[in-house]
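Chemist: Okay, here's the structure, questions in a sec.
The values are calculated or read from the model by the stated rules, or taken from the named source; none is laboratory data. Worth saying up front: this structure is predicted, and the values here are computed from it rather than measured. Counting neighbours? That spans all protein chains shown, and the Cβs are built from the backbone with ideal geometry, glycine included.
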Amino acid sequence: MKKKLLAILCAAALVLAVSACGAQPNGPGGDVPPDNGSVDGPGGVEDALRNVTEQELVEATGIDLPAPAGATDVVYNVLLASTDNPIAEMECNLDGKAICLRAQATDMLPPEQPGIDASLEELDAFMNPDDYNISGLYYDWEAMGTVDIDGRSGMYCICKEASFIAWLDVVPGVLYNLSLKENSDAGTLTTLAETVFVPLQGDA
């Protein structure tokens, strides 16, 4: 009887040990690191609602991101879902590129545009990428510049691995980011941004 009880206890201990190993987080710091396309939430890793409908996106964030004509594989997500300021996200394929469009309500205002020959330091002071980056991509950017998206002030950041373009729609108070996990150029980023951008207040 004692041997049978001991065998049962050993088996239970083995099951618990295996379960604990399987549930242990990955990564050297103990947390599962988010990939470059994610945003950390207040709970640690990623706080997101995945694969919501377009209507659910609007209800959760107050922001609509309609897919442009010709877009395929459209997916809607809500990031930072449990916070007061969630991020609306639309992923799709457009013109042969996998794009990610994000938008978040903000009270930021665009500062004065620097001159056309502004240095990287002046551009950084104009729009600090850290302040305007909700793309989830964090790199040592090799090229930066200012852009105009349908009359809205913006900036782009480019490196070998990725690129993103950010702009502010001040009237409704929304910050937009369009990102690619590939190298691009300012012209391509601007064209894509103007293709997907639909002002929430409608055309002026």
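Chemist: Identify the residue in segment 144-203 that is in a loop (DSSP other than H, G, I, E, B) and among the acidic types (Asp, Glu) and, among all such residues, is surrounded by the fewest Cβ atoms within 10 Å (Cβ to Cβ). Steps first, please.
Modeler: Of segment 144-203, the ones in a loop (DSSP other than H, G, I, E, B) are 150-151, 159-162, 170-173, 181-185, 197-203.
When the remaining residues are screened for being among the acidic types (Asp, Glu), the result is 150, 161, 182, 185, 203.
Working: Asp150: 15, Glu161: 14, Glu182: 11, Asp185: 12, Asp203: 6.
Per the stated criteria, the residue is Asp203.
Chemist: Across segment 167-186, what is the total count of residues that are at pLDDT 95 or above, touching a Phe, Trp or Tyr at 6+ places or on another chain (Cβ under 6 Å) and not aromatic (Phe, Trp, Tyr)?
Modeler: Adding up the residues that qualify gives 2.
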